[in-house]
Amino acid sequence: MIKTEQGEIDSLNLLKLINYRRKPFLIILLLTALFTFIFTGPRFITPLYKSTVILYPTASNSISKVLLSTNFTTNKDLLEFGEDEQTERMLQILNSTKIKNRIIEKYKLMDHYDISSGNKYRLTDLYDEYDSKFRFRKTEYMAVKITVSDRDPAFASRMANDVAELFDSTMNLMQKEVALKAFRIVENEYNSLRGEVKAMEDSLNSLRRLGIHDYESQAEMINQQLAIELAKNNHAGIKALESRLDILAKYGGQYVSIRDNLEHERKQLSQIKAKYEEAKVDATQNLPHKFVVSEAFEAEKSSYPLRWLIMLIAIFSTFILLVIGLIILDNFHLFELPAKIEPAIPKEPVQLIEKKKEIEKEKIVETVTPQKHHNRINMDNYFNNLSFIGLIIKWKIHLGIITIVAAILGAIFSGPTFITPLYKSEAIAYPANINSYSDESETEQMLQILQSQDIVDSMITKFNLVEHYKISPKYEYFKTALFQRFHDNVKISKTPYEAISVSVKDQNPQIASDMAQEMLNLYNNKIAGLHRSKRYEVVLMYEGQLAKKRETIDSLKNRLFELGTKYGLIDYSVQSSEVMRGYLRTMDGSNSGNVNIKGVAELKKNIESMGGELLILVSMIQNESRTYVDIKVLYEQEMRFYKSNLSYSNIISKPFPSDKKAYPVRWVIVALSALGSLLLAFMVIFIIENKQIIVNNESSN
């Protein structure tokens, strides 16, 4: 006997009972092992062979930064292994639909997995099968392990190695989408700056054809020769030199300005050319992004199913079920025993029989009617295994009918007639070409921007979600209901690999896919708008500064031209020395007849009155020209970014229209409905079975 008087199971009696039934136990367990061995064989379960690749990501993904950049302190070595961030990025890309679709297409996995092209849920079944056969995880040594299982060991090894190879091509393809755009921007800037340099060189060549080759040295030499000719009183030579000085005075300022600008522009062109070469390398060349530690090979032994493990679990489970069944049968016989066996009762006097009956009634009253200090129903032992099993057996038909009806109703009311099915489409992307505003990561920044209200408003407007969600604008809480419905259907979250997941549910699978893609498009537009607005402010500031600099330089050049043409002031240092030589010759009387005393005196007067202004003008033009070039460099850099058409996300997995609904999950609803109804039925049965006890308890109170 298993059950003790206190309603507990006696382990000793249980062991005795098992020993008593050992032969049926052993037979059933042996049959279980035999059938498990048979049904886990290749005729019933297709064996799978496993192949594994182990690899590390590289630390750097930019060819130009590794090979061309001279800043060795900030760049990582090409041969250095990647850290946790690169490992997580590798895992996310390996799980992407880009690699998944290429493997499916190359190996024709739909046919290989025996999925019919007419299957309504062929894509869902195909991706589920792929996800069950391809596993990617991070090892304890920060490497990435790729595991592929297939019924063909050669197929499994080839697919595992190809997945590892596709990581490089996928990574390069993603980077080239950004690198090509960056290269076009730098290329346009490089060509534009090279055109400007060419135009300046052409302008200088034109000035050289006018006879201006080196302003400073020419001014010095012409003034020296003019002094000599003045001393000789050579009118023809003086006239020729003065015409030269007129040309120098007229175009000298332009020559100096263009020459200085050209010098700075050539320096800028050299820097832009270096960036151009770096961008060209990034856009046209490929770089490995992994170190393969262990390649996949054809497995000789199947890894699935593990027949010994299945047999062990089956035998253990069967043993537990046999023990439970034995307990139930034993308790069932104890429950039925008084009703089946009528023990022989000896005849007794009538008075004695009546007296015993009165004693029994008193005991029953004491049991049913609790004392005053027990004001609650004492049901401590009611739900022991004997009473519980008896209760189930008594109400088995009712419980079965209630459970079946609840499951049927759950299946009916979870159907498309009552609950609109929703299809899910998901996009996974990494942020790109952005900088953090504060302490948050770029991924967190992307998450915040995707949740911004203007993106939500744009989505509502573009897809006409007011009508699509069938929410009346006359409803009192129209906006609240609309936004709540949107946020229920559109989920934006961060993946375990620091990427962003945009998941959209909708009754139309194509609309769900389009909405997920549009969220990323709006994110790109939002970032571009934020960057352009700030860049435009800087561009306007530089444009104002350049305009003021041009006005200043033009006014200085006009004044310099006036000093040269009207007062004959070209070069202060040269002209002042020559004037003093002529003036001294006049004072000491030597060759006084050959010196143009009037011209020397006039030039001396002009130098004395405006020579300081000439020096200041020349110095200011040079300084203003250099400042103008520096500002122009900054202006062109900001203008380049302002006009750029960069993308700000790397899409790892593009959304696609799902062929199977994601909501509602009908089997969960059916199971919960049946379970809930069963529990409710037990509560009602408990009340019915204990109605008399409850009534007596209330009357005693």
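The values are calculated or read from the model by the stated rules, or taken from the named source; none is laboratory data. Just so you know, these numbers come straight off a predicted model, no measurement behind them. Note that each Cβ is placed from the backbone with ideal geometry, even for glycine, and that neighbours are counted across all protein chains shown.
Side notes on the structure shown:
- Any hit, region 497-513, residues being modelled with pLDDT under 85, assigned to a loop (DSSP other than H, G, I, E, B) and under 25 Å from Leu450 (Cα atoms): yes
- Listing of helices (runs of 4 or more DSSP H) fully contained in region 427-475 that carry 2 or more residues being exposed (fewer than 13 other Cβ atoms within 10 Å of the Cβ): 453-462
- Residue check, Tyr251 buried (at least 19 other Cβ atoms within 10 Å of the Cβ), closer than 30 Å to Arg640 by Cβ and either free of Cβ contacts under 8 Å to residues at least 12 places away in the same chain or of a type in the set (Phe, Trp, Tyr) (or both): no
- Filtered by the rule that a residue be surrounded by 12 or more Cβ atoms within 10 Å (Cβ to Cβ), more than 24 Å from Ala432 (Cβ to Cβ) and not charged (D, E, K, R), region 476-494 gives Phe478, Ala481, Leu482, Phe483, Gln484, Phe486, His487, Asn489.
- Residue that is nearest to Lys534 (Cα to Cα) [pool: residues in region 622-671 that are out of contact with any helix residue (DSSP H, G or I) (no Cβ under 8 Å at 6 or more places or on another chain) and surrounded by 16 or more Cβ atoms within 10 Å (Cβ to Cβ)]: Gln637
- Residue count for region 145-157, restricted to those that are within 18 Å of His112 (Cβ to Cβ) and surrounded by 14 or more Cβ atoms within 10 Å (Cβ to Cβ): 9
- Against the test of being farther than 22 Å from Phe656 by Cα, touching a helix residue (DSSP H, G or I) at 6+ places or on another chain (Cβ under 6 Å) and either aliphatic (A, V, I, L, M) or loosely packed, with under 15 Cβ neighbours inside 10 Å (or both), the options Met142, Met110 yield a single qualifying residue, Met142.
A quick yes/no check of all residues on (1) more than 57 Å from the chain's Cα centre (by Cα); (2) in a strand (DSSP E or B); (3) crowded, with 17+ Cβ neighbours inside 10 Å; (4) modelled with pLDDT of 85 or more:
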| residue | (1), (2), (3), (4) |
| --- | --- |
| Lys16 | yes, no, no, no |
| Asn19 | yes, no, no, no |
| Leu26 | yes, no, no, yes |
| Leu30 | no, no, no, yes |
| Lys50 | no, yes, yes, yes |
| Tyr56 | no, yes, yes, yes |
| Asn71 | no, no, no, no |
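- Residues located in region 139-150, provided they are modelled with pLDDT under 90 and either of a type outside the set (Asp, Glu) or in contact with an Asp or Glu (Cβ under 8 Å, 6 or more places away or on another chain) (or both): Thr139, Tyr141, Met142, Ala143
- Some residue of region 412-425 being in contact (Cβ under 8 Å) with a residue 60 or more places away in the chain, among the hydroxyl-bearing types (Ser, Thr, Tyr), over 22 Å from Ile651 (Cα atoms) and not in a helix (DSSP H, G or I): yes
- Residue that is nearest to Val256 (Cα to Cα), among those in region 182-221 that are acidic (Asp, Glu) and touching a residue at least 12 places away in the same chain (Cβ under 8 Å): Glu216
- Yes/no for Asp84 being at pLDDT 60 or above and surrounded by fewer than 13 Cβ atoms within 10 Å (Cβ to Cβ): yes
- When Ile669, Ile687 are checked against the criterion of being touching a residue at least 60 places away in the same chain (Cβ under 8 Å) and either in a helix (DSSP H, G or I) or within 25 Å of the chain's Cα centre (by Cα) (or both), Ile669 stands alone in meeting it.
- Being part of a helix (DSSP H, G or I), in contact with a Leu (Cβ under 8 Å, 6 or more places away or on another chain) and aliphatic (A, V, I, L, M) is a property that holds for Met519.
- Residue in region 302-317 that is out of contact with any Ser or Thr (no Cβ under 8 Å at 6 or more places or on another chain), at pLDDT below 80, more than 30 Å from Gly390 (Cα to Cα) and not in a helix (DSSP H, G or I) present: no
- The residues of region 132-169 that are under 19 Å from Pro57 (Cβ atoms) and polar (S, T, N, Q), listed by number, are Thr139, Thr147, Asn161, Ser169.
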